[in-house]
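**Student:** Here it is, the structure in full.
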Amino acid sequence: MGQDRENLISNDIGKGVARDALGYDPNALPLEVIDMTVAYPGQPPLLEGVSFKVEHGEILGILGPSGCGKSSLLRHLVGLEYPRRGTALVLGEDIFANGEESLNRARHRFGVMYQSGALFGDLNLLDNVAMPLKEYSRLGPGARKAAAALKLALVGLSGFEYHMPAEISGGMRKRAAIARALALEPSLLFLDEPGAGLDPVTATGLDHLILTLSRNLGLSFVVVTHELRSILTMIDRAILLDKTACGIADSGTPKYLAEESEVPAAKAFFLRDQEERAL
Amino acid sequence: MHGQPFTLKGPDGAGRVLLGGDLNAFTAPRGSLAGMLVKSGNKEITFDMSGLVGLDLNGAAILMDLEKTLGDLGVRVSFEGVPEEEKEIWELARDTSAKIPDTSPPAPLGFIPATGKMIMDFLKDGYELTMFFGEVVIDGIGLLLRPWTGRWATTLKIAERSVVDAVPVTILVGFLVGLILAFQSAMVMQLFGVDIFVADLVGLAIIRELGALLTAIVLTGRSGSAFSSELASMKTNQEIDAMVTMGLSPVKNLALPRIVALTFATPILTVLGDMAGLLGGNVVMVAIGHPVAVFWKELSGHLDLSDIFTGFFKSFVFGFTVALVGCQRGLFAGSGPSDVGEATTLGVVTNIILIAILDSLFAVLFYVLDW
Ligand SMILES: Nc1ncnc2c1ncn2[C@@H]1O[C@H](COP(=O)(O)OP(=O)(O)O)[C@@H](O)[C@H]1O
Ligand SMILES: [Mg+2]
């Protein structure tokens, strides 16, 4: 943001900080997780003391073997579950500060893509993407349609606006789900296993789409994954979850985790002790 | 909400519109900008974007939609003065949307094709149901010849779930219908002093007609719909495919137990519903001053075996139909998640229509046979 642009923003808004249309400071960190305990009610915690940050335009990976609590962590980060301890800040504001109200506010600033895509089966792709706009924005029908078509074009789904989710392939459904997550122009996107259930070529295509979106729009991503190929192609930095450590075993660039980290969980995850295990 | 509000000044005489502030989904002005701009009478409008301090893809979409709407109304639109910071997003939006092919929603079928499709769908449904009926009959005969191959434990469990659990609702509906029928007819009959015949009216109507009909409708809602949704979700989960590829027949393993259970369970429920209905009629008779025994004496004088037989026979057929249609709709469902709901709805609708048609056919048949 340039100097003159900052001057244009009126000064009556607290402490001279620039605010976006929803009152968030657009320069604050997209996501900061502080000492979070991930647990389901009445069960022992899956993860404890989870803290990490996501920078602007960064693609952060949440890695770990199946069942270590990656999806559960994500459910806590998007407010589908309340953390037993700790919290998460989106653009500098505590999303759990006052219940559903602060959560709903934050939900305009992040988008989520679920493992299955979770498109609404009774709406065509255009209406799937336009739905959040209809609910939360002032856009009229024409502008909504234009905006939704634009998001679909960005993910490479031009021409499929009027297809139903059941009529397109799994990879296309995931792309459409990303377009829907982009509807309200969030600064942060959560993706749960984007490559799951896709063939390697389609999955790689999706990885490249995520990279492009991150570069072109300056979007930050939190990507849950356990596929080595996509970790190495798109992830900037990753946290590695581990069941035995009950939290983050190690974090760093994929190269560091794959080649240098001495943590057993990292060795096991990147199959560096393959020979030993084969015995 | 804070943030820089979006502002729009103009158009001036030369058709210049000055944009300012933040333009996105949350700051966009309500109401139709196009209408306002067209009213100004300019044939050419230039948007000066140099005052914008924020623009995202939604904001760009708003401007491009405005361009298109105005273009359709014969106003030429151009944009200029895009601020340096917003150039990238604006160009991305322009380039991307330039490549969007002109698609329009599939047109709904015209009247004649739509009618044709409806008739074809109807015929296809009828064909599938008939084929399924044939399969059930063949597998049913196979079962009769080799009864030890049947899935009797499942059958019993389904019978228990469909009958025992349906007893309260059947009794309640039967009782209330008997009560209402007796009450309504008693009001008229009392005028003519023939209220003693309320017993015959209620008794005959319930035993010949309503008992079986009401039970069938209750079972359609309770069991037929459950069969459709159970089997349709098994289809969605590929359980049916798994069964077929293991060489097991879904008709024999899934449909027959349900059909057998319901065919033999429905008459039992019908008898219970009949008794509850008669009891309801009796309550009204007592309330208008006839001793309990009068009702039964009057009824037994006019009721003969054929009345009881017709009701009983119908309840067999209805039970069979409800289960047959319920299973058929489930097994023939599509394999998407929304198909479960559709199969269930279609099953219930088909059942209610079929029961109404069968009941009318029976009325004619029994009249001709003079039962
Ligand atoms: N809604 C839930 N309630 C209780 N336990 C759950 C729930 N969802 C997942 N779990 C448990 O949490 C653990 C981690 O699951 P999950 O977060 O889905 O793992 P991952 O996504 O890493 O494969 C599993 O043992 C699972 O059984
Ligand atoms: Mg998971």
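**Student:** Kindly evaluate B:P267 against the criterion of being over 15 Å from B:L214 (Cα atoms) and surrounded by fewer than 23 Cβ atoms within 10 Å (Cβ to Cβ).
**Tutor:** Taking the combined requirement at face value, the residue does not satisfy it.
**Student:** May I ask you to verify whether A:L219 is closer than 30 Å to B:T27 by Cβ, touching a strand residue (DSSP E or B) at 6+ places or on another chain (Cβ under 9 Å) and surrounded by 17 or more Cβ atoms within 10 Å (Cβ to Cβ)?
**Tutor:** Numbers: closer than 30 Å to B:T27 by Cβ: yes; touching a strand residue (DSSP E or B) at 6+ places or on another chain (Cβ under 9 Å): yes; surrounded by 17 or more Cβ atoms within 10 Å (Cβ to Cβ): yes.
Here the answer is yes, as A:L219 does meet what is asked.
**Student:** Turning to a different aspect of this structure: Could you tell me whether A:H76 is closer than 25 Å to A:G195 by Cβ, touching a Pro at 6+ places or on another chain (Cβ under 7 Å), more than 14 Å from chain B (Cβ to nearest Cβ) and away from ligand 1 (no atom under 12 Å from the Cβ)?
**Tutor:** Answer is no for this residue.
**Student:** Any idea which residue in the stretch A:115-142 is nearest to A:P194 (Cα to Cα), counting only those that are facing another protein chain (nearest Cβ under 7 Å) and hydrophobic (A, V, I, L, M, F, W, C)?
**Tutor:** This residue is A:L133.
**Student:** Could you tell me how many of the residues in the stretch B:52-83 are closer than 21 Å to A:D25 by Cα, within 9 Å of another protein chain (Cβ to nearest Cβ) and outside any loop (DSSP other than H, G, I, E, B)?
**Tutor:** Within the stretch B:52-83, residues that are closer than 21 Å to A:D25 by Cα, within 9 Å of another protein chain (Cβ to nearest Cβ) and outside any loop (DSSP other than H, G, I, E, B) number 5.
**Student:** Scan the stretch A:177-212 for residues that are in a helix (DSSP H, G or I) and either on the phi > 0 side of the Ramachandran plot or touching a strand residue (DSSP E or B) at 6+ places or on another chain (Cβ under 8 Å) (or both) and jot them down.
**Tutor:** A:A177, A:I178, A:R180, A:A181, A:I210, A:L211
**Student:** Which of (1) outside any helix (DSSP H, G or I); (2) within 16 Å of ligand 2 (Cβ to nearest atom); (3) polar (S, T, N, Q) does A:S51 not meet, given it meets every other one?
**Tutor:** Just one mismatch for A:S51, condition (2).
**Student:** Starting from residues that are part of a strand (DSSP E or B) and out of contact with any Gly (no Cβ under 6 Å at 6 or more places or on another chain), keep the ones in the stretch B:1-18 and report whichever is nearest to the other protein chains (Cβ to nearest Cβ).
**Tutor:** B:L8
**Student:** Also, quick follow-up: Only one residue in A:G69, A:G99, A:G42, A:G64 is more than 14 Å from every other protein chain (Cβ to nearest Cβ), within 16 Å of ligand 1 (Cβ to nearest atom) and over 19 Å from A:L240 (Cα atoms), so which one is that?
**Tutor:** Details: A:G69 fails: over 19 Å from A:L240 (Cα atoms); A:G99 fails: within 16 Å of ligand 1 (Cβ to nearest atom); A:G64 fails: over 19 Å from A:L240 (Cα atoms).
Exactly one of A:G69, A:G99, A:G42, A:G64 is more than 14 Å from every other protein chain (Cβ to nearest Cβ), within 16 Å of ligand 1 (Cβ to nearest atom) and over 19 Å from A:L240 (Cα atoms), namely A:G42.
**Student:** When you scan the stretch B:32-43, how many residues do you find that are surrounded by fewer than 10 Cβ atoms within 10 Å (Cβ to Cβ) and either at the interface with chain A (Cβ under 8 Å from one of its Cβ atoms) or at pLDDT 80 or above (or both)?
**Tutor:** 1
**Student:** Looking for whichever is free of Cβ contacts under 8 Å to residues at least 60 places away in the same chain and farther than 26 Å from B:G330 by Cα here; the options are B:V198, B:V188, B:V169. Which one fits?
**Tutor:** Exactly one of B:V198, B:V188, B:V169 is free of Cβ contacts under 8 Å to residues at least 60 places away in the same chain and farther than 26 Å from B:G330 by Cα, namely B:V188.
**Student:** May I ask you to verify whether B:K87 is outside the structural domain of B:S40 (by TED's automatic domain parsing), basic (K, R) and either surrounded by fewer than 20 Cβ atoms within 10 Å (Cβ to Cβ) or not in a helix (DSSP H, G or I) (or both)?
**Tutor:** no
The values are calculated or read from the model by the stated rules, or taken from the named source; none is laboratory data. Being a predicted model, the structure only gives us computed values, none of them experimental. In this analysis, Cβ positions are derived from the backbone assuming ideal geometry, glycine residues included, and neighbour counts consider all displayed protein chains.
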